[in-house]
Amino acid sequence: MIMKRFIALFVVLGAALMAAPGIIGFQVEKYYQGLMQQFAKGGVELVSQDYQRAWFGAESRTGFLVRIPGGADRSKTETLNFSLVSHIVHGPLTTEGVRLADIQSDIRVEGESLLPADYEAVIRTLIEIDGQGSTRIDLPASEIPASGQRPSIRFSGVEGEMRFDAAFEQVDARFTLPTLRLAQQSGQLLEIDGMQFDSHSRRDISGLMLGGGRFEIGRIGLRDEESGSRFEIRQLGIDAQSNASETAVSASVRYRLEELAVNETAYGPADIQLGVGNLSPKALLQVQQSIDEINAQQLSDEKKGMALLSVLMGNAPALLKGDPVVTIDKLSIQTPDGLITGKLSVQSVGLELKEIGNAPAVLNKLVADASLQMPKRLFMLLVQQKVEADLLRQFEQRRLIEPESEMPDTEQLKEMAATLADRQLSLLLGQEILLAQGDMIATQATLSGGLLSVNGKTIPLPQPPQ
């Protein structure tokens, strides 16, 4: 009798173990689809999903689309299609122990595997029984020869990990790439050294995902052997942070750069710190949810832009109600001509959406403080470039009306632009809107209560109709 009970127990346990993978498969599919949705929120479009679930595992292919601005004026859009192919093993028993699932993935670009078949890459996601999990990326150091559209690749290894909870309300990620070299037969060479990425985010009580992160690159180099041109960035860093109180959300980002060199011309160091505050958590949550819904739809760039504008306009009253503030807390850029420095703070106080089209009303409800100092030579160069572009557009428009009219050549256009730029600078200096300080020019302005003061001098502003 006892033996029969043991046999019955083993039969039940065996049946449970055999049935568990199939039952778990339904839960795993839900988590996997959630992972793909989170990936799509990172700036790519999810265009297709094919999930084939079996009893002990599943196969999935998810297609993504990246839109890349192109053309000289960045008005054109190029697209890159890639897919994530995953082989999924259902728990509860996996090679890594008791897990809900073990997922191994491969990235394919335009149908071709990004990495050779014999390369021992690890892109692995482990989901625990309670739903929390981690994705680990481990690409050992290797040299990969060029093949088809893929350039030759030489790097010292890539290592990274993302950890998440069951509801994707807490996500931590880190990523390191010590060295990467990409070379093409055309002679173009891309070099990246010391790339690091760390981020942490939590869902706040308001429902917003808030947190911070740091992205650093020791060096980026781009060289074209054929033309001899060189572009290099050293010690690039981006730090971001967001937080919330009961009534407002604030965020800040800092961009820092040791040096940017284009051939023999070098810029840097540079340090720019931006901030935004007094934003309604409820309104931001609605904006965030609406943007997620828009990104989930396969819309054209034009329709997506219109949808985003509609979302912002719909939430503008709530955003304005908190008297939002935008700041440039620090602007410091070293150029070959000298140092650019500046600060800016702009806040709306009591501004309503219905007043946006009324310039005098808007100015009356803005509080602003700004200062800027930069090399005179650089200022003149920027003004001259703008004037030259304006002149060229005017001559082209005139020729449409009068086909026989003459167009100035390049040198004539530059001379005309230089003359007009000199006049504009003299006018601004004469009105004391700009102040000359040796080889530098500077200005400082404040706006409050509808009164604009520039370098201590009050400037008349348009008044609202009585």
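Bear in mind these aren't lab numbers, they're just calculated from the coordinates by the rules spelled out. It should be emphasised that the depicted structure is a prediction, and the values quoted were computed from it without experimental measurement. Note: ideal-geometry Cβ built from the backbone for every residue, glycine included; neighbour counts use all protein chains shown.
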Per residue, the convex hull volume that the Cα atoms of segment 258-332 enclose (Å³): 147
Quick one: which residues, 5 or more positions from GLY450 or on another chain, have an amide H under 5 Å from its amide H? H modelled 1.01 Å from N in the peptide plane, none for Pro or chain starts. LEU366
Holding the Cα-Cα limit at 29 Å, pick out from LYS303/LYS386; LYS376/LYS414; LYS303/LYS330 the pairs that are longer than that. LYS303/LYS386; LYS303/LYS330
Which whole-number percentage describes the relative contact order of segment 186-336, with Cα contacts under 8 Å and a sequence gap of 6 or more? 19
Nothing charged except the Cβ atoms of Lys and Arg (+1) and of Asp and Glu (-1): what's the magnitude of the dipole of segment 186-336 about its Cα centre? Round to the nearest 20 debye. 600
Select from LEU331, ILE220, LEU260 the residue farthest towards the positive end of the dipole of segment 186-336; place +1 on Cβ of Lys and Arg, -1 on Cβ of Asp and Glu, and compute about the Cα centre. LEU331
Percent relative contact order of segment 144-235, based on C-alpha pairs within less than 8 angstrom and at least six residues apart? 21
